[in-house]
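*Asks:* Have a look at this one before I ask anything.
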Amino acid sequence: MSEIFDSIQVPNEVKRFVDHSFDIVDQIFDILARQGMTQRDLAEKLGKKESEVSKWMQGTHNFTIKSIAKIEAVLCESIMTTPSKAKVTYVNTKMIPVRVTKAIPVEMVRANSVAPQVMPANPMYDNGLKVA
Amino acid sequence: MKRYNITLYKVYQKVSYYTIHSLDDKLCETDKFFNRFKDDPIHLTDIQTIKYWMERMGDNQGAMERHFRPEKRAHAIPILPQGSKLRLYCYRLNDRIVVLGNGGIKSSRAAQGSEETRLHFELVNSLAFVLQQKIAQQTIIIDEASLRGNLQFYTKPKKDERDI
């Protein structure tokens with residue numbers, strides 16, 4: 001194992017930058033998968049070359065707010081949220097444990113809740129939780 | 001003829017990073033890369049970004065194909081912000097195994113045209129070819145996030161080859 005590699009100190013600022021870039025890319029890919037779209041489809045919708053969109057997806061791209069807004073606009077979904085906005089959105093949503101014995105459409109287990117901005121891709125909650 | 005070993009460099013939960021180590025050299029190729037740039041104030045942030053990028057993939061999502069830039073048979077990591085030309089060449093075998101090489105400042109559009117990156121680019125492309133052959137011949141076996149078998153390979157020196 002490399003002592004040289006281990007000796008490199010990474011400041012929090014750099015970690016946060018890479019984390020944000022990865023989080024944005026992962027969110028975009030989740031949305032694309034849920035919408036049955038590919039990276040190429042996204043490039044077409046944005047009027048960009050696929051090679052350019054591909055560069056954005058590598059985990060170190062410095063996304064501007066403007067480019068995030070463009071992507072959100074063509075995907076019709078939010079990519080980012082702030083803690084205060086998330087609090088408003090999810091404050092009335094309680095998660096309670098349930099035993100899931102068979103596939104239950106998500107529409108049947110959601111009730112009396114504030115709708116989250118992004119619905120899960122899986123048609124059921126399979127982690128033993130449901131929205132109360 | 002230059003002989004290399006493929007050796008473990010850093011292991012995370014989701015990714016094992018291997019490196020290339022010449023039998024004639026004290027440092028492996030990836031340590032040569034980090035050693036050359038880690039104390040350079042111009043490229044320090046790039047080096048820190050690459051390190052954390054490796055850690056983040058290693059601990060979280062794995063070495064997904066979308067995070068790598070294709071470079072002929074091999075790959076480069078990553079395209080850094082602010083137009084940095086620093087490249088670290090590697091071969092992403094799958095989501096769990098990446099073999100890192102060496103890198104440098106890419107001064108021309110193509111890695112082959114840049115004096116500082118050409119040899120490193122060619123070395124990881126040779127490695128990618130050899131690994132593909134050895135895996136096909138089953139002299140190297142992929143065992144989850146590990147490589148087993150004959151992890152030695154050699155390259156024939158070109159007439160203008162020199163160490164960087």
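*Asks:* Which value, in square angstrom to the nearest 100, describes the accessible area buried between chains A and B on both sides, using a 1.4 angstrom probe?
*Replies:* Chains A and B together bury approximately 2600 Å².
*Asks:* With labels modelled as points extended 7 Å from the Cα through the Cβ direction, what inter-label distance (nm, one decimal) is found for B:Met1 paired with A:Ser84?
*Replies:* Reported label-point gap for B:Met1 and A:Ser84 is 6.9 nm.
*Asks:* Follow-up. Looking only at chain B, where both bridge partners belong to it, what percent of the DSSP beta bridges are antiparallel (to the nearest 5)?
*Replies:* Bridges in chain B that DSSP calls antiparallel: roughly 85 percent.
*Asks:* Further question on the same structure: Reachable lysines from A:Lys49, Cα under 16 Å, same-chain residues fewer than 8 places away excluded?
*Replies:* Straight-distance partners of A:Lys49: A:Lys70.
*Asks:* Still on this model: Efficiency by 1/(1 + (r/R0)^6): what FRET value for A:Asp19 and A:Asp41, r their Cβ-Cβ distance, R0 = 35 Å, to the nearest 0.05?
*Replies:* Computed FRET efficiency for A:Asp19 and A:Asp41 comes out at 0.85.
*Asks:* Which pairs in the list B:Lys2/B:Lys72; B:Lys10/B:Lys85; B:Lys38/B:Lys106; B:Lys10/B:Lys32; A:Lys55/B:Lys14; B:Lys26/B:Lys106 are over 20 Å apart, alpha-carbon to alpha-carbon?
*Replies:* Among B:Lys2/B:Lys72; B:Lys10/B:Lys85; B:Lys38/B:Lys106; B:Lys10/B:Lys32; A:Lys55/B:Lys14; B:Lys26/B:Lys106, the Cα-Cα distance tops 20 Å for B:Lys2/B:Lys72; B:Lys10/B:Lys85; A:Lys55/B:Lys14; B:Lys26/B:Lys106.
*Asks:* Say each of A:Ile4 and A:Glu72 gets a label point 7 Å from the Cα, pointing the same way as Cα to Cβ; how far apart are those two points in nm?
*Replies:* Calculated label separation equals 4.3 nm.
*Asks:* Which residue, B:Thr45, B:Thr117, B:Thr30, has the most motion in a Gaussian network model of chain B that connects Cα atoms within less than 10 Å?
*Replies:* B:Thr45
*Asks:* Taking the Cα centre of each part, how many Å lie between the range B:10-85 and the range A:24-94?
*Replies:* 26
*Asks:* Oh, and also: Within a 10 angstrom radius of each residue's Cβ in A:56-65, how many Cβ atoms of other chains show up on average? Whole number is fine. Numbers along the way, then the final one.
*Replies:* Working: counts 2, 5, 11, 13, 13, 4, 3, 1, 0, 0.
Partner-chain Cβ atoms within 10 Å, mean over residues of A:56-65: 5.
*Asks:* With +1 on each Lys and Arg Cβ and -1 on each Asp and Glu Cβ, how big is the dipole of the range A:29-79 about its Cα centre, in debye rounded to the nearest 20?
*Replies:* Charge dipole of the range A:29-79: 160 debye, to the nearest 20.
*Asks:* Ignoring ligands, DNA and RNA, what percent of the accessible area of chain B is carbon or sulfur (1.4 Å)? Don't jump to the answer; show the numbers that get you there.
*Replies:* Values: 3610 of 7650 Å².
That fraction is 47 percent.
*Asks:* Rounded if a/c is under 1.5, else prolate if a/b is larger than b/c, else oblate: which is chain B, with a ≥ b ≥ c the root eigenvalues of its Cα gyration tensor?
*Replies:* Because a/c hits 1.5 or more and a/b fails to exceed b/c, chain B counts as oblate.
*Asks:* Here's something else I'd like to know. Give me the distance in nm between label points sitting 7 Å out from Cα along the Cα-to-Cβ direction at A:Thr64 and B:Arg148, one decimal.
*Replies:* 5.2
*Asks:* Quick one, could you list the DSSP H helices from chain B stretching 24 Å or more along their long axis (Cα atoms) with average Kyte-Doolittle hydropathy of -0.5 or above?
*Replies:* B:115-136
The values are calculated or read from the model by the stated rules, or taken from the named source; none is laboratory data. Note that the structure is a prediction, hence the values are computed from the model and not measured. Please note: Cβ atoms are built from the backbone with ideal geometry, for glycine as well, and neighbour counts cover all protein chains shown. With ligands, DNA and RNA removed, areas are computed over all heavy atoms of the protein, side chains included. Shrake-Rupley method; radii C 1.70, N 1.55, O 1.52, S 1.80 Å.
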